[in-house]
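The values are calculated or read from the model by the stated rules, or taken from the named source; none is laboratory data. As the structure is a prediction and not an experimental result, all values here were calculated from the model. Cβ placement follows ideal geometry from the backbone for every residue including glycine, while neighbour counts extend to all protein chains displayed.
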Amino acid sequence: MQSDGKIASELPGVMNDTLKSVGVQALASGGILYLTFRFFKRLNIQKKIASLLNENKASMENSTARILARIGPFEEGSQAILSLSWANLILGLRSGSLTASSVLRAYQAAAAEVHKKTNSVVCWVEGAEDQAKMLDTIPVGERGPLHGVPVSVKECYDIAGTYSTAGMTKFARSKAVVDSPVVMLIKKLGGVPFCKTNVPQVMYSLQCSNPIYGTTSNPHGVGRECGGSSGGEGALIGGGGSVLGLGSDIGGSLRNPAAFCGCYSLKPSGGRHLSQMGVVAGAGPPIPGIPVVGGFMAQSAAAVEAGWREVWGLDREQNCQMVDTGVLPLTWDQELYEKKPRIGFFTTDGMIDPAPGCVRAVTEAVDKIAKAGFETVAIPSPDIYKVMHHFNGIVLADLNKSMYGNMSYDVYDSTLNGVIAAITVYKLPWLIKKLIINPILGLFTRVPAVTSIFNTTTKLAEGLNSRDEFTRNYLAEMDKLGVDIIICPGQLLPAPPTGVLGTFVAAVSPYIAWNVMNFPAGIAPITKWSQADDDNMAKYPTDDLAYKMIRNYCKEAQGLPLAVQVVGRPYMDEQVLRILSELENST
């Protein structure tokens with residue numbers, strides 16, 4: 001037996017070893033408990049999302065069946081309605097030769113058919129028929145400017161009795177109690193909101209998919225992307241299921257779907273936009289500096305122009321969205337619209353050249369506008385690397401913390417791959433990025449990683465000042481050349497296969513300069529991808545990973561729409577609308 005003294009001398013070591021053993025066991029147990037918790041939480045989330053998806057599909061199928069039963073067989077008169085130009089549709093509705101109810105039925109049937117092919121509609125507005133019947137009782141002389149026009153609405157806008165989710169589980173079962181101000185405005189003008197359309201998860205991508213409504217595709221090609229984030233609008237309007245729709249834009253979201261799907265749109269100047277009050281913010285409150293702007297998408301430039309003429313023609317007291325202090329009380333400027341602008345153009349931003357058909361669309365548009373009597377001149381594009389520096393610095397200023405918070409009980413869709421990867425790489429130690437990550441990326445692509453984010457008050461203030469100087473310098477370049485309007489690529493490539501643009505984030509490059517500088521920018525469809533474009537891909541560069549991806553995505557693209565952007569100076573949106581109409585009328 002050991003002596004008491006020896007036991008006493010060894011006791012501290014024994015206790016220390018025991019505590020270490022207990023600590024290791026506790027740590028191991030804690031780790032196992034945490035991993036078990038994460039595992040079952042994920043299973044629960046997946047089960048909930050699968051249930052939401054099934055419920056949404058069943059609800060859509062049932063409501064579609066009810067609407068089609070009320071409509072009855074598709075009539076010859078309905079096809080005639082769908083074939084009407086914007087001017088003749090408005091004339092018929094306001095004169096009484098067409099009823100709001102018959103026009104609504106025609107577009108409900110058409111939308112149901114497009115939805116069957118594209119999965120573009122997430123819900124029908126059940127009160128639309130009653131609103132149309134009410135409008136039919138209004139005397140001809142008292143009818144509003146959009147009297148009886150069916151209007152599709154991007155899913156994020158609140159319409160009383162519907163869900164506004166941004167494709168996210170967090171918001172999946174919270175119904176709006178009242179209409180958003182812009183939906184109120186559409187109704188006040190006589191329009192009939194009749195359905196809501198799909199969006200990417202969080203609305204941060206050009207890829208239109210999410211876990212609770214599924215993937216939306218392009219009406220012009222099976223399995224092709226419709227774009228984002230107003231992708232459901234692009235698919236529905238481009239497929240003929242809606243004549244006028246509401247979307248929004250912070251980095252191409254009104255323009256990319258219009259370009260991919262062959263319709264028209266205008267991203268207005270921030271301040272002249274449709275209010276974003278009553279709109280779900282999947283990524284959290286917007287960062288000051290690059291506003292999310294609402295706008296119109298339509299089958300025709302005439303419809304886009306008419307929407308803006310009416311909104312900007314309202315007195316302040318009549319404009320429902322004037323509860324939003326971010327919307328300026330600027331009115332339609334007919335003198336500016338009639339002033340003949342000088343047109344600048346470019347075909348590449350110098351980072352990634354667009355595919356041949358996209359370049360051809362620009363040259364054809366410039367030729368058309370020159371034949372219409374407008375003077376044209378080449379102009380350098382904004383410095384895309386400075387554009388990306390400012391765009392990423394501002395838009396990602398909170399390091400996606402709000403988005404991650406909203407996604408804490410959700411499954412990440414592939415639409416977010418690029419955004420998550422960019423922030424993950426940015427958060428790595430600077431030495432690893434400088435010595436390993438950035439040099440490796442540089443071997444494969446000239447598209448830069450996110451290198452700076454304005455994530456402090458000082459950085460944001462300095463970044464905004466730098467952005468403003470950058471904008472003034474580009475306006476000075478336009479002044480030097482006497483340019484009022486710019487025609488440039490509407491897309492880097494025709495609509496690619498679904499499911500790839502969440503990763504191929506370089507596809508935003510044609511759009512973001514105009515968000516950074518707050519220039520109005522519209523989309524006009526010009527042509528379609530052709531056999532000649534396929535042949536010209538043989539000469540397309542291969543010295544960048546982005547080029548290799550584009551070459552792959554352009555396979556089997558014949559017949560897909562190709563568009564141009566029409567860009568104007570800040571707050572001179574009327575000139576953009578003028579050129580969109582000129583291009584439409586020149587076809």
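With at pLDDT below 95, in the same structural domain as Pro211 (by TED's automatic domain parsing) and under 24 Å from Val566 (Cβ atoms) as the only criterion, which of Leu336, Leu328 stands out?
Matching residue, one of Leu336, Leu328: Leu328.
Taking the stretch 97-123, which residues are free of Cβ contacts under 8 Å to residues at least 60 places away in the same chain and in contact with a Pro (Cβ under 9 Å, 6 or more places away or on another chain)?
Within the stretch 97-123, Val103, Ala106 meet the criteria.
Please tell me if Gly227 is in a loop (DSSP other than H, G, I, E, B), within 14 Å of the chain's Cα centre (by Cα) and modelled with pLDDT of 95 or more.
So Gly227 fits the description; yes.
In a helix (DSSP H, G or I), among the hydroxyl-bearing types (Ser, Thr, Tyr) and surrounded by fewer than 13 Cβ atoms within 10 Å (Cβ to Cβ): is that true of Thr424 in this structure?
Considered against the rule, which asks whether it is in a helix (DSSP H, G or I), among the hydroxyl-bearing types (Ser, Thr, Tyr) and surrounded by fewer than 13 Cβ atoms within 10 Å (Cβ to Cβ), Thr424 comes out as yes.
Hey, Lys188 hits all of (1) free of Cβ contacts under 8 Å to residues at least 12 places away in the same chain; (2) more than 28 Å from Asp410 (Cβ to Cβ) but one; which does it fall short on?
So the condition that Lys188 fails would be (1).
Out of Leu53, Leu33, report the one residue that is farther than 17 Å from Thr169 by Cβ, at pLDDT 70 or above and either assigned to a helix (DSSP H, G or I) or in contact with a Pro (Cβ under 8 Å, 6 or more places away or on another chain) (or both).
Residue meeting the stated conditions: Leu33.
Is it the case that the stretch 443-466 has a residue that's part of a helix (DSSP H, G or I) and touching a Lys or Arg at 6+ places or on another chain (Cβ under 8 Å)? Don't jump to the end; show me each part of the working.
Residues of the stretch 443-466 that are part of a helix (DSSP H, G or I), as a first pass: 443-444, 457-466.
Applying the additional criterion that residues be touching a Lys or Arg at 6+ places or on another chain (Cβ under 8 Å) yields none.
Among the residues of the stretch 443-466, not one is part of a helix (DSSP H, G or I) and touching a Lys or Arg at 6+ places or on another chain (Cβ under 8 Å), which makes the answer no.
Within the stretch 121-137, is there a residue that is farther than 30 Å from Asp315 by Cβ, touching a Cys at 6+ places or on another chain (Cβ under 6 Å) and surrounded by 21 or more Cβ atoms within 10 Å (Cβ to Cβ)?
Within the stretch 121-137, one or more residues are farther than 30 Å from Asp315 by Cβ, touching a Cys at 6+ places or on another chain (Cβ under 6 Å) and surrounded by 21 or more Cβ atoms within 10 Å (Cβ to Cβ).
I need the full set of residues from the stretch 323-368 which are under 30 Å from Leu185 (Cβ atoms) and in a loop (DSSP other than H, G, I, E, B), in order please.
Passing the criteria: Asp324, Thr325, Gly326, Val327, Leu328, Pro329, Leu330, Thr331, Trp332, Asp333, Lys339, Pro341.
Kindly indicate whether Met388 is of a type outside the set (Ser, Thr, Tyr), outside any helix (DSSP H, G or I) and closer than 23 Å to Lys548 by Cβ.
No; evaluated as a whole, the condition is false for this residue.
Mind checking which residues of the stretch 429-451 are surrounded by fewer than 13 Cβ atoms within 10 Å (Cβ to Cβ) and either touching a residue at least 12 places away in the same chain (Cβ under 8 Å) or over 18 Å from Val505 (Cβ atoms) (or both)?
Once the filter is applied, which keeps residues that are surrounded by fewer than 13 Cβ atoms within 10 Å (Cβ to Cβ) and either touching a residue at least 12 places away in the same chain (Cβ under 8 Å) or over 18 Å from Val505 (Cβ atoms) (or both), the stretch 429-451 yields Pro429, Trp430, Leu431, Ile432, Lys434, Leu435, Ile436, Pro439, Leu443, Phe444.
So Thr458 ticks every box in (1) surrounded by fewer than 18 Cβ atoms within 10 Å (Cβ to Cβ); (2) β-branched (Val, Ile, Thr); (3) under 30 Å from Asp543 (Cβ atoms) but one. Which box is left unticked?
Of the numbered conditions (1) surrounded by fewer than 18 Cβ atoms within 10 Å (Cβ to Cβ); (2) β-branched (Val, Ile, Thr); (3) under 30 Å from Asp543 (Cβ atoms), the odd one out for Thr458 is (3).
Those residues that are over 20 Å from Tyr337 (Cα atoms) and touching a helix residue (DSSP H, G or I) at 6+ places or on another chain (Cβ under 9 Å), I need them from the stretch 467-492; list them, please.
Passing the criteria: Arg467, Phe470, Thr471, Tyr474, Cys488, Pro489, Gly490, Gln491, Leu492.
Taking the stretch 73-96, which residues are more than 16 Å from Ser242 (Cβ to Cβ), touching a residue at least 12 places away in the same chain (Cβ under 8 Å) and either of a type in the set (Gly, Ala, Ser) or in contact with a Pro (Cβ under 7 Å, 6 or more places away or on another chain) (or both)?
Correct list: Gly77, Ala87, Ser95, Gly96.
If you go through the stretch 232-268, how many residues are part of a helix (DSSP H, G or I) and in contact with a strand residue (DSSP E or B) (Cβ under 8 Å, 6 or more places away or on another chain)? First the steps, then the outcome.
Residues of the stretch 232-268 part of a helix (DSSP H, G or I): 232-238, 255-261.
If we keep only those that are in contact with a strand residue (DSSP E or B) (Cβ under 8 Å, 6 or more places away or on another chain) as well, we get 232-238, 255, 257-261.
Qualifying residue count for the region: 13.
Being out of contact with any helix residue (DSSP H, G or I) (no Cβ under 8 Å at 6 or more places or on another chain), assigned to a loop (DSSP other than H, G, I, E, B) and closer than 17 Å to Val500 by Cα narrows it down to one of Lys548, Lys555, so name that one. I'd like the intermediate steps shown before the answer.
On the way: Lys548 fails: assigned to a loop (DSSP other than H, G, I, E, B).
Every option except Lys555 fails the conditions.
Please enumerate the residues belonging to the stretch 175-204 that are assigned to a strand (DSSP E or B), within 21 Å of the chain's Cα centre (by Cα) and not charged (D, E, K, R).
Pro193, Phe194, Cys195, Thr197
Using beta carbons and a limit of 7 Å, which pairs, at least six apart or on different chains, have the first residue in the stretch 287-313 and at pLDDT 95 or above and the second one assigned to a helix (DSSP H, G or I) and among the polar types (S, T, N, Q)?
Listed by first residue and then by second, the contacts come to Ile290/Asn515; Ala301/Ser581; Ala302/Ser581; Glu305/Ser581.
When only residues in the stretch 72-111 that are hydrophobic (A, V, I, L, M, F, W, C) and touching a strand residue (DSSP E or B) at 6+ places or on another chain (Cβ under 8 Å) count, which is surrounded by the fewest Cβ atoms within 10 Å (Cβ to Cβ)?
Checking each candidate, the answer is Trp86.
Ser408 is checked against (1) within 30 Å of Lys47 (Cβ to Cβ); (2) part of a loop (DSSP other than H, G, I, E, B); (3) within 20 Å of the chain's Cα centre (by Cα) and fails just one. What number does that condition carry?
Among (1) within 30 Å of Lys47 (Cβ to Cβ); (2) part of a loop (DSSP other than H, G, I, E, B); (3) within 20 Å of the chain's Cα centre (by Cα), the lone unmet condition for Ser408 is (3).
To keep it simple, each residue is scored yes or no on (1) within 22 Å of Arg272 (Cβ to Cβ); (2) part of a loop (DSSP other than H, G, I, E, B); (3) in contact with a Pro (Cβ under 8 Å, 6 or more places away or on another chain).
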site: Asn473; (1), (2), (3): no, no, no
site: Met478; (1), (2), (3): yes, no, no
site: Ile486; (1), (2), (3): yes, no, no
site: Leu492; (1), (2), (3): no, yes, yes
site: Ala495; (1), (2), (3): no, yes, yes
site: Val500; (1), (2), (3): no, yes, no
site: Ala513; (1), (2), (3): yes, no, yes
site: Pro525; (1), (2), (3): no, no, yes
